[in-house]
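Scroll down for the structure; my scribbles are underneath it.
The values are calculated or read from the model by the stated rules, or taken from the named source; none is laboratory data. Quick caveat: nothing in here was measured; it's all calculated off a predicted structure. Here the Cβ positions follow ideal geometry from the backbone for every residue, glycine too, while neighbour counts run over all protein chains shown. Ligands, DNA and RNA are excluded from the accessible area calculation, which covers all protein heavy atoms including side chains. Shrake-Rupley method; radii C 1.70, N 1.55, O 1.52, S 1.80 Å.
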Amino acid sequence: MSTENELESWREEKQSSYLYRVLADCEPADELKRLFMRLAEAAEAQSLQWEQFAADRGVSLPKDFTPSTRARLVAGLLRRLGPRHMLPVLAAMKVRGLSVYTHGAPTGHDTPAPGQREFRHRRIGSSGSFRAAVFGINDGLVSNVSLIMGVAGASLDSHVILLTGAAGMLAGAASMGAGEYISMQSQREMFEHQIGLEQQELNAYPEEEAEELALIYEARGIPAADAKRLADTLISDPKRALDTLAREELGLNPRELGSPWGAAGASFLSFALGAAVPLLPFAWHADHGVAVSVSVTAAVLFLTGNVVSLFTGHSTWLSGLRMVGVAAVAAGVTYFVGHLFGVALG
């Protein structure tokens, strides 16, 4: 083990303790306040272990710990925004116990069985992918019909509109795909790093990891003795220990980190599919391309709004008309601006 690893691990535990105490100060719920204070004490105890490891190897560590600029910035945002708005940042800062937020506040009721929780997680994940596809199609519809109307407002030839719309479709889809790839890859790298840290800690001090896990279960309403027994049982099984720690301490599922290429492809295709709707009429109805494009796009937008209502619970008619109205405003503005440019340049 290198000196850098010992120093980094010591600083990580000290930083975690600092942020746990800030979390405890920000948390109004007594159960969670106690949880984070005890996690702070556990992190302090683990930092002492790293000090002992360093002393045994003749490595000197700093006498005092000063939070980094990044940690102080996160602490300031925590005090201003609250913990629930900072969960991804807290996970990246090696703060554990976040599942108490993702699984809801402690209520004293029994926690769901592992199979039930896994089913619920998969159902939400599948719903999220479907919802992302729906909104990707909507983005393509609105952005490309606005672009097409802007060019049409300049009174340009249908072939120019077709070429411009095709360029807008490809550019928008590529942008969406690239953005989704970068976002997913960055998230995956962060999660893999966090899981790797969990594995290192599990190998270095499994008893302390079991204690932290027991604290989380206790804060979620499980009696202390049962929480301790459950945590010890889970940590004793190497195959389940890391999976459990990732779920309960990090609030993530290691098996569902997601594929960056898959997410990029889905975003590209959904945007392109939506963007193609207002574009295709120009290939078949050159004389009435604008009218047909507007009519078809309005119909598809209304249907998209109906699908969105499945997620919002609002009226299908209201959601559909709202979607059409928003697109109409966007397309109307670009048409007007295109018309002004067409007059000015004509």
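Below, the figures for the structure above:
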quantity	calculated
Chain lengthening between residue 284 and residue 49 when straightened (0.36 nm per residue, less Cα-Cα)	77.3 nm
Region 147-166 and region 175-202: distance between their alpha carbon centers, rounded to Å	41
Stokes-Einstein diffusion coefficient of region 139-226, Kirkwood radius over Cα pairs, 20 °C, 1.002 mPa s, in µm²/s	120
FRET E, pair residue 63, residue 171, Förster distance 51 Å, beta-carbon r, rounded to 0.05	0.35
Apportionment of accessible area to carbon and sulfur, region 181-247, percent (1.4 Å)	53
Residue 81 accessible area, assembled protein chains, probe 1.4 Å, Å²	90
All-pairs Cα distance distribution in region 132-186, expressed in whole percent, bin size 10 Å	23, 44, 23, 8, 1
Protection-proxy order for peptides 65-78, 8-21, each taking the mean of Cβ atoms within 10 Å per residue, highest first	8-21, 65-78
Volume per residue of the C-alpha convex hull in region 136-285, rounded to whole Å³	126
Difference of contour (0.36 nm per residue) and Cα-Cα distance, residue 85 to residue 203	39.3 nm
Residue-normalised accessible area of region 10-84, expressed per residue, 1.4 Å probe, Å²	56
Solvent exposure, largest accessible area first (probe 1.4 Å, DNA, RNA and ligands not counted), of 160, 59	160, 59
Average accessible area per residue (Å²) across region 147-203 - probe 1.4 Å, nucleic acids and ligands excluded	51
